[in-house]
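**Q** A single structure is presented below for examination.
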Amino acid sequence: MKNVLVLYWSHDGHTARVSRTICETIRAEGHNAEMMSVIEADREGVDLSRFDVLILGAAIRYGRFNKTFVQFVNKHAAEIDAKPNSFFNITLIARKPEKATLEGNVYARKFVQNSLWKPREVKCIAGKVDYPNWSWFDAVQIQLIMSMTKGPTDRTVVRDYTDWDDVRAYARHCLTLA
Ligand SMILES: Cc1cc2nc3c(=O)[nH]c(=O)nc-3n(C[C@H](O)[C@H](O)[C@H](O)COP(=O)(O)O)c2cc1C
């Protein structure tokens, strides 16, 4: 039985939901999976050596991955590198297939370039538009970006671009890394 840890950063809960789906899929395959917020891992500590596979994921906001997430992976790069590992990232640009690859996704590419941790695998996952639950300021900013990139601009729209079957396939694939 493999022991998998999903360490994630999520602002509005979507990356947490993806992390939970990864864990549920791994458990359904008969393995053990735990999920932990990177904030908790950073403050309380986590023994990474207990796990056979490390999956780390974060959502993008205003072109950046969360500072705690970036600092955590840099600080623990050697420990993460010592295990089979994968990085998944949640972005809205990945709703377009050509931006759902490492080569096509500028955020994922920059992360890999700048991070001390060099993920063995990178998975780009499309996120969620959730205007009603965003602050007025955030909604206006995303509305602007969406109008430039031909996405939804109606502020009543909630649209989940995540391909959940693909997330489950990714989870099963991560099991094969160990
Ligand atoms: C304030 C804000 C800024 C965002 N900035 C970007 C961005 O720069 N590029 C992008 O592709 N998606 C961007 N997104 C989309 C989020 O990555 C997407 O909504 C994701 O599902 C959020 O995940 P979370 O719920 O785990 O925080 C942004 C969303 C918000 C609310």
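The values are calculated or read from the model by the stated rules, or taken from the named source; none is laboratory data. Treat the numbers as computed from the prediction; the structure is a model and nothing was measured. With ideal geometry, Cβ positions are generated from the backbone for all residues, glycine too; neighbour counts draw on all protein chains shown. Just so you know, the surface numbers come from the protein's heavy atoms only, side chains and all, with ligands and any DNA or RNA stripped out. Shrake-Rupley method; radii C 1.70, N 1.55, O 1.52, S 1.80 Å.
**Q** With the cut-off at 1.5 for a/c, could you classify the range 55-121 from its C-alpha gyration tensor as rounded, prolate or oblate?
**A** prolate
**Q** Could you tell me which of the pairs 2/110; 75/123; 2/99; 96/118; 67/99; 75/96 are separated by over 29 angstrom between their Cα atoms in the structure shown?
**A** 2/110; 2/99; 75/96
**Q** Here is a further query. Whenever you get a sec, compute what percent of the accessible area on the chain sits on carbon and sulfur atoms (1.4 Å probe).
**A** Of all accessible area on the chain, carbon and sulfur atoms account for 50 percent.
**Q** Okay, next question. How far apart, in nm, are the 7 Å Cα→Cβ label points at residue 113 and residue 145?
**A** The answer from the label model is 1.8 nm.
**Q** Further question on the same structure: Per residue, how much accessible surface does the chain expose to a 1.4 Å probe? Answer in Å², no decimals. Mind showing how you got there, number by number?
**A** Values: 9070 Å² over 178 residues.
Result: 51 Å² per residue.
**Q** Filter the DSSP H helices in the chain by two things, a Kyte-Doolittle mean of at least -1.0 and an axial alpha-carbon span of 30 angstrom or more, and list the hits by number.
**A** None clear 30 Å together with a mean of -1.0.
**Q** Further question on the same structure: Using 0.36 nm times the number of residues separating residue 136 and residue 75, minus their current alpha carbon distance, what extension gain do you get?
**A** In short, 18.5 nm is gained.
**Q** Mind running the shape call on the chain? Use the C-alpha gyration tensor, a ≥ b ≥ c as the square roots of the eigenvalues: rounded below 1.5 for a/c, prolate if a/b tops b/c, oblate otherwise. Walk me through the numbers before you get to the answer.
**A** Numbers: a/c = 1.81, a/b = 1.61, b/c = 1.13.
Prolate is the answer for the chain, as a/c is 1.5 or above and a/b outweighs b/c.
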